[in-house]
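Report on the following structure.
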Amino acid sequence: MRKYPSWKKAATAITVFLLVLCLASLLALLLPPKRNVSYIADVFQNGNLIMSIPLNDTTESRTFTVTGENGCVNEIQIRSDSIGIISADCPDKLCVGQGFIRTSGLPITCLPNRLVIQLRPSEDSGANSEDPFAVPDAVSY
Amino acid sequence: MSRNTSMPVKKVTLLALFTTLSLAIYAIESAVPPLVPIPGIKLGLANIVTLVLLRHFSARDAALVLLARILLSALLFGQALSLLYSLAGGFVSLIVMALVMKLLQKNLVFLTGAMGGLAHNMGQLTIAFAVTSTGGVLAYAPFLILSGILTGLFTGFCAGFLGKYLPPRPMT
């Protein structure tokens, strides 16, 4: 094997180091496309909180039914990042039409059955997920 | 500064010229609106002067010019906080570049530039982390690593091309 001058070895080492860093940061930027905020789904019936389901600890979707006091039934499905009503016995099925929600924007409501599903950010992620880019506005050279 | 009284007049003049040059580059770059909406990402063209000084003069001269440029720019354009960031970034980058340039024996200046850009951004990120003491700023790390390496490569290439037109050691 040919003997390289020592600076060429250093150059190779530095190049490899920089390439690895570039790849690692590219991966870090590309891999998690979703935001690092976990939500808790609150299900209200007649204005009372009947259950809170953290969304991030379910990896596969599961389904359960909520039965109201006058016999009305809503079937709710939880997926890994969203929640929605998949069937209801109410006449208009508006709640089913609202689909699945994944952010704490609009809640899902089923007015005939007085059912509301709302997402809120969980406490542990809420503190610093408020604005993950909270940095001073003066970073200069 | 008594040590520097032995500095030849020609060298003092040259270093002052380089300080003016880097200050002018810095001022022009500050006037250009940022390309990306993330603070801290810019070309860092004034680093070209630091690289040239490191390569053709000495680490001590580069440090003097860098310090003068940072203090003057803070006086002219800056805020107190940005002075802290500039000092941290500038001197971490200077130390790393001096080491890498010695390792590479002044070959492949663009590699030195890339390491310097990376070190600069890491130094600033560390200060940002210390000042805000929130982990949120670490979300910036991938952006800053990439931009530091890329802009450092660019300034390194510039300094390398510039070096072809300069004598290897104008003043010692």
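The values are calculated or read from the model by the stated rules, or taken from the named source; none is laboratory data. For clarity, every value in this text was computed on a predicted model and none was experimentally measured. Methodologically, a virtual Cβ is constructed for each residue, glycine included, from the backbone with ideal geometry; neighbour enumeration extends over all protein chains shown.
May I ask you to verify whether B:Ala98 is more than 15 Å from B:Ala159 (Cα to Cα), hydrophobic (A, V, I, L, M, F, W, C) and part of a helix (DSSP H, G or I)? It would help to see each step written out before you state the result.
Details: more than 15 Å from B:Ala159 (Cα to Cα): no; hydrophobic (A, V, I, L, M, F, W, C): yes; part of a helix (DSSP H, G or I): yes.
When the stated conditions are applied, B:Ala98 does not pass them.
Determine if region A:3-12 includes at least one residue that is in a strand (DSSP E or B) and modelled with pLDDT of 80 or more. Working first, answer last.
From region A:3-12, those in a strand (DSSP E or B) are none; that's our starting set.
No: region A:3-12 contains no residue that is in a strand (DSSP E or B) and modelled with pLDDT of 80 or more.
Within region B:116-124, identify whether any single residue is at the interface with another protein chain (Cβ under 9 Å from one of its Cβ atoms), under 23 Å from A:Lys9 (Cα atoms) and not polar (S, T, N, Q), and answer yes or no.
As a first pass, look at region B:116-124 and keep what is at the interface with another protein chain (Cβ under 9 Å from one of its Cβ atoms): B:118, B:120, B:124.
Those left that are additionally under 23 Å from A:Lys9 (Cα atoms): B:118.
When the remaining residues are screened for being not polar (S, T, N, Q), the result is B:118.
Yes; the residues of region B:116-124 include at least one that is at the interface with another protein chain (Cβ under 9 Å from one of its Cβ atoms), under 23 Å from A:Lys9 (Cα atoms) and not polar (S, T, N, Q).
Taking only region B:103-115 into account, find how many residues are facing chain A (nearest Cβ under 9 Å) and more than 12 Å from B:Ile149 (Cα to Cα). Write out each step before concluding.
Taking region B:103-115 as the starting set, the residues that turn out to be facing chain A (nearest Cβ under 9 Å) are B:103-108, B:111-112, B:114-115.
Next, from what is left, pick out any that are more than 12 Å from B:Ile149 (Cα to Cα): B:103-108.
Here the count works out to 6.
If a residue must be within 11 Å of chain A (Cβ to nearest Cβ) and more than 23 Å from B:Leu146 (Cβ to Cβ), how many such residues does region B:88-102 contain? Can you show your working first?
Initial filter on region B:88-102 (within 11 Å of chain A (Cβ to nearest Cβ)): B:88-90, B:93, B:96, B:99-102.
Subsequent filtering for residues that are more than 23 Å from B:Leu146 (Cβ to Cβ) retains B:102.
Total meeting the criteria: 1.
Tally the residues that are within 7 Å of chain A (Cβ to nearest Cβ) and under 17 Å from the mean Cα position of the chain (by Cα), restricting the search to region B:125-145.
Here the count works out to 1.
Which residue pairs have Cβ atoms under 6 Å apart, sit 6 or more places apart or on different chains, and have a first residue in region B:138-149 that is modelled with pLDDT of 90 or more and a second that is not in a helix (DSSP H, G or I)?
Taking only residues 6 or more apart or on different chains, the pairs are B:Ser147/B:Ile41.
Examine region B:62-82 for a residue that is of a type outside the set (A, V, I, L, M, F, W, C), away from chain A (no Cβ under 12 Å) and crowded, with 20+ Cβ neighbours inside 10 Å, and state whether such a residue exists.
Taking region B:62-82 and keeping what is of a type outside the set (A, V, I, L, M, F, W, C), we get B:69, B:73, B:78-79, B:82.
After this cut, where a residue has to be away from chain A (no Cβ under 12 Å) as well, the list is none.
No, region B:62-82 contains no residue that is of a type outside the set (A, V, I, L, M, F, W, C), away from chain A (no Cβ under 12 Å) and crowded, with 20+ Cβ neighbours inside 10 Å.
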